[in-house]
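Each value in this text was obtained by applying a stated rule to the coordinates, not by laboratory testing. On a predicted model such as this, the values are computed, not experimentally measured, just so you know. As a convention, Cβ positions derive from the backbone with ideal geometry for all residues, glycine included, and neighbour counts pool all protein chains shown.
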Amino acid sequence: MADVPFSCQCGEMKGTLHGATPSSGNHLRCYCSACRAAVLYTTGKDVEDRGVELYQTTPDKISFQQGQNNLEVFSFTPERLLRFRASCCGVQMFTTLAKPKIAMAAIMTDLLHDKTAIGPIASQSFIPQADGTSKHSSILRLFGGTIWRALVARVTGRWKQTPFFDIETGKPIKAVYVPTSEERKSLPL
Ligand SMILES: [Zn+2]
Ligand SMILES: [Zn+2]
């Protein structure tokens, strides 16, 4: 079990992923079009068919030591999934579900200073297939583990420890920006 430092691309935001082990979260690669679009939207770079690498855990495992105020929120589907980015350098850092009571947070693993503690990639989602559909690997791990961790966080009250939401109102810490249709035109959504 390790406390792993992370930072945004420019280093103005610094934090810690607490108690990271391969089994206390889910290290995955996601190939969905929204993840690809989010990287393109925030960095101008297209990951194409390489997908993005995430570590899914609960929000109480994430804390900030510096620059927390730089967190900004955007979403392509505000009723479902929120994406948190750094206002300083623009990079996307986290995703959460739209409601804090279902405690899930995923960190973009490129921001971790050391990936050893989270182990190798254990599952993949939305893997493109030749026929144009997609499939998931280790589906039980992907959804079972995430739901189980969220349930435990709910029952123990740990869901209230989150840097992403105001628990009093249930709303995200900043207003959610929804990219305009003009901005979406160049994105693979
Ligand atoms: Zn995705
Ligand atoms: Zn930054």
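Would you mind classifying the stretch 60-145 by shape? Square roots of the alpha carbon gyration tensor eigenvalues, ordered a ≥ b ≥ c; an a/c under 1.5 is rounded, otherwise it is prolate if a/b is larger than b/c and oblate if not.
Cα axes put the stretch 60-145 in the prolate bin.
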Checklist outcome for this item: With Cα springs under 10 Å, the Gaussian network model of the chain assigns the largest mean-square fluctuation among T156, T57, T77 to T156
Item to check | Vicinal HN-Hα couplings computed from phi for the stretch 23-31 (Karplus, 6.51 cos²θ - 1.76 cosθ + 1.60; Hz; Gly/Pro x) | outcome: 9, 8, x, 10, 8, 9, 10, 10, 9
Item to check | At most 14 other Cβ within 10 Å, DSSP loop - trypsin sites (Lys or Arg not before Pro), the stretch 1-93 | outcome: K45, R80
Next on the checklist: With θ taken as phi - 60° and the coefficients 6.51, -1.76 and 1.60, list the Karplus ³J(HN,Hα) couplings across the stretch 98-110 in order, rounded to whole Hz; mark glycine and proline as x.
Outcome noted: 6, 10, x, 5, 9, 7, 9, 9, 10, 9, 5, 5, 4
Item to check | Stokes-Einstein D in µm²/s, Kirkwood radius over Cα pairs - the chain at 20 °C with 1.002 mPa s viscosity | outcome: 128 µm²/s
Checklist entry - When only C-alpha pairs under 8 Å and at least 6 residues apart count, what is the relative contact order of the chain, in percent? => result 27 percent
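Arranged by the count of other C-beta atoms within 10 angstrom, fewest first, what order do C8, C88 take?
By the 10 Å Cβ count, ascending: C88, C8.
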Checklist entry - Which residues' amide hydrogens lie under 5 Å from the amide hydrogen of A105, considering only partners 5 or more residues apart or on another chain, with H built in the peptide plane? => result T57, T58
Item to check | Filter on K61/K171; K45/K174; K135/K160; K14/K171; K99/K135; K14/K135 - keep pairs with C-alpha separation over 28 Å | outcome: K135/K160; K14/K135
Item to check | Residue-wise HN-Hα coupling along the stretch 47-64, computed from phi with Karplus coefficients 6.51, -1.76, 1.60 (Hz; x: Gly, Pro) | outcome: 7, 6, 8, 7, x, 10, 9, 10, 10, 8, 8, 10, x, 5, 7, 10, 9, 10
Checklist entry - What residues qualify as long-range amide H neighbours of F165, i.e. H under 5 Å apart, gap of 5 or more or another chain, H built at 1.01 Å from N? => result I173
Checklist entry - Counting pairs of alpha carbon atoms under 8 Å apart in space and at least six apart in sequence, what relative contact order in percent does the stretch 81-189 give? => result 21 percent
Checklist entry - GluC sites (Glu not before Pro), restricted to the stretch 44-145: which are DSSP loop and have at most 13 other Cβ atoms within 10 Å? => result E79
